[in-house]
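Following: one structure in structure tokens, then a few remarks.
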There are 2 protein chains.
Amino acid sequence: MVSNILRSILLGALVLSSAQLWATAPTSGLLLNSVEAKGISQQVAELPLLAKSVEAMAEGLNAFMSIDMDVPVPRDAGGGYTHERHKKNGQAIYEAATLYQVTGEQRYADFAVALLLRYADLYPKIGPHPEHKHQAPGKLFWQILNDAVWLVYVIQGYDQLQDVLTPEQKELIARNLLNPYVKYLSVDSSETFNKVHNHGTWAAAAVGMTGLVLGNQEYVDIALKGSAKDGHSGFLKQIEALFSPDGYYTEGPYYQRYALMPFVVFARALDRVQPQWDIFKYRDGVLLKAIYACINLSYNNLFFPLNDAIKDKGLDTIELVYGVDIAYALTKDKGLLSVAANQQQVIVSGDGLLVAQAIAAQQQQPFDYSSMLFRDGANGDEGGVAVLRSDDAKSALVVKAAGQGMGHGHFDRLGWLYYDHGNEIVSDYGAARYLNVVTKRGGVYLPENNTWAKQSIAHNTLVVDERSHFNGKLGKASESSAKVSVFSDKLNAVSVVEANAYPGVSFERTMGLIQTALLDSPLVLDLMTIRSSTKHQYDLPLHYAGQLTYISEQPKVALNTMETLGKKHGYQHLWKKGWLPVNGSAAQVTWLKGNRFYSLNTLLPKDSQILFAELGANDPEFNLRRENALVLRQTGRKDTHFVSVLESHGEYNGVREYTKQPTSQVRGLEHHVDKDLSLVLVELDGGARIVVAKADSVDPDQQHTLAFNGKRYQWRGHLAIFEESSNDGK
Amino acid sequence: MVSNILRSILLGALVLSSAQLWATAPTSGLLLNSVEAKGISQQVAELPLLAKSVEAMAEGLNAFMSIDMDVPVPRDAGGGYTHERHKKNGQAIYEAATLYQVTGEQRYADFAVALLLRYADLYPKIGPHPEHKHQAPGKLFWQILNDAVWLVYVIQGYDQLQDVLTPEQKELIARNLLNPYVKYLSVDSSETFNKVHNHGTWAAAAVGMTGLVLGNQEYVDIALKGSAKDGHSGFLKQIEALFSPDGYYTEGPYYQRYALMPFVVFARALDRVQPQWDIFKYRDGVLLKAIYACINLSYNNLFFPLNDAIKDKGLDTIELVYGVDIAYALTKDKGLLSVAANQQQVIVSGDGLLVAQAIAAQQQQPFDYSSMLFRDGANGDEGGVAVLRSDDAKSALVVKAAGQGMGHGHFDRLGWLYYDHGNEIVSDYGAARYLNVVTKRGGVYLPENNTWAKQSIAHNTLVVDERSHFNGKLGKASESSAKVSVFSDKLNAVSVVEANAYPGVSFERTMGLIQTALLDSPLVLDLMTIRSSTKHQYDLPLHYAGQLTYISEQPKVALNTMETLGKKHGYQHLWKKGWLPVNGSAAQVTWLKGNRFYSLNTLLPKDSQILFAELGANDPEFNLRRENALVLRQTGRKDTHFVSVLESHGEYNGVREYTKQPTSQVRGLEHHVDKDLSLVLVELDGGARIVVAKADSVDPDQQHTLAFNGKRYQWRGHLAIFEESSNDGK
């Protein structure tokens, strides 16, 4: 079965190869040159991923070409007709020009040229957009950001049309559209252009790529070094400032994906046309690191939903398709091919061709997901995000101890997430927003994003006295970051500290994903130490995904009426479903998610409680998802600890009607503290034990010795993990 | 990559084919004869589905063979050690004997023979099981049912061992095990044996299959016709009584699947050994109809969860693997192959071989899911279950108007379910039970199964005065059934009636899955007419799956405290989240599920309400899932109607960041009643209309005319559907 577009490509290739219509030397080709286009044309029928991508592009464009061409005078704000139409027109110029190169079909070239000429006609006649509000105005769009994005696509289209445009047309388009467009972006809107910010990156990419195509080095230079060409702003500065040395972007993976696009597209174009910049080696190769960071900050193809994040987004977004194709072209890392295969799409470009060829040649290998620390901050000294993975990559533990992440940051210092066997087990709400769903307030961030999603109680981290970190104030939170004191990929553990979120209270958390032959899945260790000279209520929420199947004691439960857990800082959104008093003992809560059971074993001092909460109170528009949380609560305490281990165990199989190990294999949990040393002792069914030894000191060379219950534990450095078989003991 | 088991099979096949170890004429072979076994052996490497099935069998059995053989004296009740061990031993005899035939490996034969001989040693020494309680006792197991199941497997194993057992061994096994076992099942436990009930079917299968293998016609005859051989009981009678003429089993698809196993296994064995019975043609081929009914009573491979049902169960259960393989062997229906391919498994049998061959030869075609009525009751006169599907099979509407379904039945007369684009949209809770999860009361039906899952409010049907149908009494409910007055696969609509659930109240429901070019998905019509001479409160719940995205007016919402919707009959389990007064107008509620939007448009008289409810109140063990419902409420009414249409529309795409048509295209809903005729008028955006005309009469030939708003509607029979373009009107 050969689709129409494939047939047309094949036909085109025959005609072209016999008639030698294409020049044999490639034209410049930002992301696609004529040799590559010919390669696509000749090989597409044998490259399923590429065929699918070309077909998808052709299908969308053919539909668009079947309606009347319209280049309206700009009038509407975002979402309105002229806004959407100019977006689509820009995309269409790019796609039609690309399909012309690939298929040789003249109608695509004619369409793209006609549309370009309409813009060359319109552009001189319009001024700043009438609907601009607080942002810098564009001309085609209400904000200059959209104008920059438009040009990034259109200049790629223009690039593909160079062999069909007449010299007169080229001159006209340059004079009426491209040059004044660049001037508007870089001179008239110089403030945005020189911002070290994502908006500035789009502007730099638009101007720089236009310079590469027109052969205008001035454009390239100001794009790279700012209007003043002094390097205080521009693309190079942005590369330096907007990523940490590990390629982490402070707003988190959701926005990192978004920010990535202009970086990789412009960098790749620059690399192809002016390789002398060696841009992908710039700053120790941080752009490639940023692409890899995006991939590594995901599980099961979805990004970790840190800070404001829509949870649907993952590795199959278009930004990552660009990122992965480009990274593969540069590195030939076969692990990237498995990511690309999951994307089910390649860019119709030279790099996309390479990826499709390699996948068709079955070169793909599993991507190497491993435990990593992503430092935050331009200098890497503003905390970080630790990702701990099991050797089989089935489990991932994420600990966030980073900077605030600007306006999209959440008050979630030292919070964590946990994934296992394909599912989110300990979750982050992400953002309270239904992207583009107009019936949900037009698709913008909802009020509950502030009242719930950003609040500390919405995360798996400490809340003191029912107030969010920094009292929920962004300014204060932005002044400091959490700290990663120890990260060990060998032990698969991390220690993190937060000293500023609450006046007079500091808290440290040690988390590990402990892999042992004693259990078939890794054990999550969670040890939090809190220091304060005054008494507080300490709440440690755990947002679990799944259905409760076991609680070690019967909690009290709200039966006929239910009330909220509190009044503000997010507590007003939680229903108090139940509460279990705990008095200095270990408690166990098990839930079922997917076909696995998950048991939290936790040790609480006397007069503590486990609260069972459900999201959804004070939600008049039913905006919040109904999710569940446990809240471990200690009341009237100064210094204290929270000690828990989370076990993944067993199997539920409803189809074949069996259930294995539905109860935790942890039968005892102890915490022994002796001055600056401590032990967490986890006793398993059968008597074997896992013992985590910890020193307050983070000196990796310091020797420690601690005796407990007739045994001596000796270790070097901050942390150690001991396994004791059931024969070792007593 | 060839796995170990495959390598061993291939090796065995070479040895065997050269040495001519196998007889060339097949031995009897209940479900597998020596020619088929040889076929499997020779072809398995080229038949991926068969290879996978053989490998899975070998993997499980090898693990079992690596532990010490044990045939314990029966002691434990269900779930206990001796119970589980005897189950596994029986399975192992069958699997080892089968693998011996397929691989030629002597160790499998040796193992199976040794285990069989152990049972021949044990059986004479044991009496009725010590742990029997209310059921008829078995010997190996606490209930005779398990003993029968055990023999169904073991006799198949014995059958495969006939060429390795010595005459002395055969004599011993027959004397000590098989004959006394049959006697215990058929004579000592004659009450169960002669029951026209699922337990009787397992006993008949065990005895009959043993008769086929031993060549004992007496066993075959009593299995088919009961102890007295008069046909008042036995397998033939069970075929007559337990299925409706359409192959529907009154307990519903979940239990139909379970009941199916002994029917199809025994029938297929009988058909192969004594084809003269022509068993699959018996009673107009009802056994094949029953297999097809199971498939047709599913969506997206999962059974419709009518009555007590675990929602994980579907077409990939082992019972359906048997059913589909056997049905394919008999019919060669290529649509069954696509079901088999989804099962990812075949039986290691002659029929399984045929299926695997056909799939490898790419003969599979989509299964033909179409609209069907499954009548209930042995005579087909006890109502039924209507399944209405869209032509593209993306949507399915299920309307239940059947008998009570015995002890596993729910009080759900005239309830419905709706599936669309792969998801459950309007749902049935199924059973409140975590199958085999011991921490949930041992995995049995939970208290909430009675207090919630069976109650009428837990279903999408009418509840009068907050009491369940028949006041929740099984005995009363079992005396009558609902009625299907009209089923039209042409109109894709059904009218059903319930006259007994409430004294003095009868209700009729007309539902349709209306396919029209005016909309891209079918429109669900729901028209309920209630007749009563006294005033009542009428509640019509709609259990929706998804996230609310739009309500036509702002409801009042429980903010800081929340109460239950009522006190009993399931209402005590619903939290009252919100309530929207409606006064004689149409209201609209939209939710998002998967990537589609669903809008209920409903017309309510004055002083009505839409209640927003969430499951989970009075649930001290957190047994209930947190699901959501709307409840349409009319108060203080005698005769009345509920008129609604449910539209599936639009698309949400979070990855590509677009949303299409998030609001309903229904802009008006009217209901016009004129004596015994009525119209439901659905006006769409743009002015086109869908008009459903209905007569109270169900006479298919009667002509009707009704004028409304200057238009005349003329139709013949109970129902008609008119489409009016926007130009037709006024």
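The values are calculated or read from the model by the stated rules, or taken from the named source; none is laboratory data. Remember, it's a predicted structure, so these values are computed and weren't measured experimentally. Positions of Cβ are backbone-derived with ideal geometry, glycine not excepted, and every protein chain shown enters the neighbour counts. These area figures cover heavy atoms from the full protein model, side chains too; ligands, DNA and RNA do not enter into them. Shrake-Rupley method; radii C 1.70, N 1.55, O 1.52, S 1.80 Å.
Listed values, structure above:
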| quantity | calculated |
| --- | --- |
| Selected residue (criterion: most open to solvent (accessible area, probe 1.4 Å)) from residues of segment B:620-638 that are assigned to a loop (DSSP other than H, G, I, E, B) and either touching a strand residue (DSSP E or B) at 6+ places or on another chain (Cβ under 7 Å) or at pLDDT below 95 (or both) | B:Lys638 |
| Yes/no for B:Val673 being touching a strand residue (DSSP E or B) at 6+ places or on another chain (Cβ under 8 Å), outside the structural domain of B:Val524 (by TED's automatic domain parsing) and open to solvent by less than 30 Å² (accessible area, probe 1.4 Å) | no |
| Qualifying residues in segment B:306-330 (those that are in a loop (DSSP other than H, G, I, E, B) and surrounded by fewer than 21 Cβ atoms within 10 Å (Cβ to Cβ)) - the one farthest from the other protein chains (Cβ to nearest Cβ) | B:Lys311 |
| Options B:Asn62, B:Asn89; residue that is at pLDDT 95 or above, out of contact with any Leu (no Cβ under 8 Å at 6 or more places or on another chain) and polar (S, T, N, Q) | B:Asn62 |
| Strands (runs of 3 or more DSSP E) contained entirely in segment B:519-608, each with at least 2 residues that are open to solvent by less than 60 Å² (accessible area, probe 1.4 Å) and away from every other protein chain (no Cβ under 12 Å) | B:523-532, B:536-544, B:585-593, B:596-604 |
| Residue in segment A:693-702 that is within 30 Å of A:Tyr550 (Cα to Cα) and either of a type in the set (Phe, Trp, Tyr) or assigned to a strand (DSSP E or B) (or both) present | yes |
| Check on B:Asp278, open to solvent by 10 Å² or more (accessible area, probe 1.4 Å) and free of Cβ contacts under 8 Å to residues at least 24 places away in the same chain | yes |
| From the options B:Val494, B:Val486, residue that is in contact (Cβ under 8 Å) with a residue 12 or more places away in the chain, part of a strand (DSSP E or B) and open to solvent by less than 10 Å² (accessible area, probe 1.4 Å) | B:Val494 |
| Single match in B:Val496, B:Val464 (criterion: closer than 16 Å to B:His569 by Cβ and touching a strand residue (DSSP E or B) at 6+ places or on another chain (Cβ under 6 Å)) | B:Val464 |
| Segment B:641-659, residues that are part of a strand (DSSP E or B) and open to solvent by less than 50 Å² (accessible area, probe 1.4 Å) | B:Phe642, B:Val643, B:Ser644, B:Val645, B:Leu646, B:Glu647, B:Ser648, B:His649, B:Glu651, B:Tyr652, B:Asn653, B:Thr659 |
| Qualifying residue in segment B:660-679 (condition: assigned to a strand (DSSP E or B) and farther than 22 Å from B:Asn709 by Cα) | yes |
| Conditions (1) at pLDDT below 95; (2) part of a helix (DSSP H, G or I); (3) aliphatic (A, V, I, L, M); number of the one not met by B:Leu21 | (2) |
| Cβ-Cβ under 8 Å pairs, at least 6 apart or on other chains, segment B:403-424 side farther than 17 Å from B:Tyr248 by Cα, far side part of a loop (DSSP other than H, G, I, E, B) and of a type in the set (D, E, K, R) | B:Phe411/B:Lys454; B:Asp412/B:Asp428; B:Gly415/B:Asp428; B:Leu417/B:Asp428; B:Asp420/B:Lys394; B:His421/B:Lys394; B:Gly422/B:Lys394 |
| Top-ranked residue in segment B:411-442 [being more than 20 Å from the chain's Cα centre (by Cα) and open to solvent by less than 10 Å² (accessible area, probe 1.4 Å); ranked as modelled with the lowest pLDDT] | B:Val437 |
| Residue count for segment B:378-401, restricted to those that are under 19 Å from the mean Cα position of the chain (by Cα) and surrounded by 19 or more Cβ atoms within 10 Å (Cβ to Cβ) | 15 |
| Qualifying positions in segment B:214-242 - in a helix (DSSP H, G or I) and over 14 Å from B:Ala267 (Cα atoms) | B:Leu214, B:Gln217, B:Glu218, B:Tyr219, B:Ile222, B:Ala241, B:Leu242 |
| Cross-chain or 6+ apart pairs with Cβ under 6 Å, segment B:39-64 first and outside any helix (DSSP H, G or I), then aliphatic (A, V, I, L, M) | B:Leu47/B:Ala356; B:Leu47/B:Ala360 |
| A:Asp246 within 21 Å of A:Gly407 (Cβ to Cβ) and touching a residue at least 12 places away in the same chain (Cβ under 8 Å) | no |
| Residue in segment A:185-205 that is open to solvent by 10 Å² or more (accessible area, probe 1.4 Å), more than 16 Å from A:Gln274 (Cα to Cα) and without any contact (Cβ under 8 Å) to a residue 12 or more places away in the chain present | yes |
